[in-house]
1. Within segment 333-347, restricting attention to residues that are among the aliphatic types (A, V, I, L, M) and surrounded by 10 or more Cβ atoms within 10 Å (Cβ to Cβ), which residue is nearest to the chain's Cα centre (by Cα)?
2. Please find, among L306, L326, L291, the residue that is surrounded by 19 or more Cβ atoms within 10 Å (Cβ to Cβ), in the same structural domain as H212 (by TED's automatic domain parsing) and either in contact with a His (Cβ under 9 Å, 6 or more places away or on another chain) or over 26 Å from P103 (Cα atoms) (or both).
3. When you look at E37, is it free of Cβ contacts under 8 Å to residues at least 40 places away in the same chain and exposed (fewer than 14 other Cβ atoms within 10 Å of the Cβ), yes or no?
4. Just checking, which of R204, R183, R195, R165 is at pLDDT 90 or above and more than 19 Å from T261 (Cα to Cα)?
5. Taking the residues in segment 179-215 that are aliphatic (A, V, I, L, M) and more than 22 Å from N141 (Cα to Cα) as candidates, determine which candidate is surrounded by the most Cβ atoms within 10 Å (Cβ to Cβ).
6. Right, F253: free of Cβ contacts under 8 Å to residues at least 60 places away in the same chain and over 18 Å from D321 (Cβ atoms) or not?
Amino acid sequence: MQSISELVERALAQINAAATPAALDQVRVQYLGKAGELTSQLKSLGSLPAEERKAFGQSVNAAKAQLEEALNERKSVVGQGAKPASAMLDVTLPGRRRLAGRPHPMTVTAETMKRILMGLGFTYEDFPDIETEYFNFDALNTPPWHPARDMHDTFYITPTDGEHRLQTEAELMRTHTTAFQGRVMRARNGQVPIRAMTTGRCYRKDDIDASHFPIFQQLDVFAVGTNLTMSDLRWTLTELAKGLFGGEAKLRFRPSYFPFTTPSAEVDVSCIICKQKGCSLCSRTGWIEVLGSGMMRPEVLKMGGLDPAKHQGFAFGIGVDRITMLRHQINDIRHLYQNEEAFLRQF
């Protein structure tokens, strides 16, 4: 017992004298390490009479706890005193400049499209990313058997049993901003003309590669009135293309199919890099596909509360990511979402 008391006194003196973390660690190893002096005391426990072992073991454990507490206290003091002299403020040094923030290139592209369309009389309306299955599919004439409704394509929020949804009115992460059309038409209570647009994030279960990402941004536009034709759609898209790519931009319409428009058309823009001479970006064709469009189906107008016998409408959807990549010649969509500082500094 006396040797333990002397050992503790000696260790405490060395702990208080330690001026650096390294010196303090040496004291710890000397007394509490695997071959330390206090640890060695426990090894002699077996040589003591049985009636003395309990008291001796308790004394060693108490000494160990006392030294550990002293080491921790001294460690905090030594750590505070080890601050480098450079921590002092030198007011003669030049200040540390912080880089100014800039809008993301996709934000700039979306705002440019919105500004062009507002100049053509369209109003902007915003909607949440979470949508009901009705407005995302049913109100857009998407049949129940359509593969876009399957769980391997769409992020459903509604609980499932593994294969089937447990609620009839399912909620999901919208797969396209086109879902806003039914909400806008119902909110207008049959009043026309309507010229509306929205933009935002959409979600689909795509494999990630240079041209696909589970999240993408889309701009959707539609107009409803009387005597609207494909000529009105073409004029609107031409003005939008010229505002985005310059006055020399040309458009080409190709027949296509969408559940919510008829007739439908894929729209190509003349290559902004080679000026239709042929390059790798346009696959030597001179044209680049940019959006889908068409005249609104009667079923869509009817589900929006409008009379298809009196009203006509056109609609189109365009990927903000796609247009951003074209305008800035970005070859990988992942750059737009990975938030790499080196990439964003270019803008």
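1. Going through segment 333-347, the residues among the aliphatic types (A, V, I, L, M) turn out to be 333, 336, 342, 344.
Add one more test, that the residue is surrounded by 10 or more Cβ atoms within 10 Å (Cβ to Cβ), and what stays is 333, 336, 344.
Working: I333: 13, L336: 10, L344: 15 Å.
Among them, the one singled out is L336.
2. On the way: L326 fails: either in contact with a His (Cβ under 9 Å, 6 or more places away or on another chain) or over 26 Å from P103 (Cα atoms) (or both); L291 fails: either in contact with a His (Cβ under 9 Å, 6 or more places away or on another chain) or over 26 Å from P103 (Cα atoms) (or both).
Residue meeting the stated conditions: L306.
3. Numbers: free of Cβ contacts under 8 Å to residues at least 40 places away in the same chain: yes; exposed (fewer than 14 other Cβ atoms within 10 Å of the Cβ): no.
So E37 does not fit the description; no.
4. Details: R183 fails: more than 19 Å from T261 (Cα to Cα); R195 fails: more than 19 Å from T261 (Cα to Cα); R165 fails: at pLDDT 90 or above.
Just a single option satisfies the conditions, and that option is R204.
5. Kept after step one, since they are aliphatic (A, V, I, L, M), are these residues of segment 179-215: 179, 184-185, 187, 192, 194, 196-197, 208, 210, 215.
Within this subset, residues satisfying the condition of being more than 22 Å from N141 (Cα to Cα) are 208, 210, 215.
On the way: I208: 11, A210: 12, I215: 15.
Only one residue fits best here, namely I215.
6. On the way: free of Cβ contacts under 8 Å to residues at least 60 places away in the same chain: yes; over 18 Å from D321 (Cβ atoms): yes.
For F253, the condition - free of Cβ contacts under 8 Å to residues at least 60 places away in the same chain and over 18 Å from D321 (Cβ atoms) - is met.
The values are calculated or read from the model by the stated rules, or taken from the named source; none is laboratory data. Small disclaimer: the values here were computed from a predicted structure and weren't measured. We place every Cβ from the backbone using ideal geometry, glycine too, and count neighbours over all the protein chains shown.
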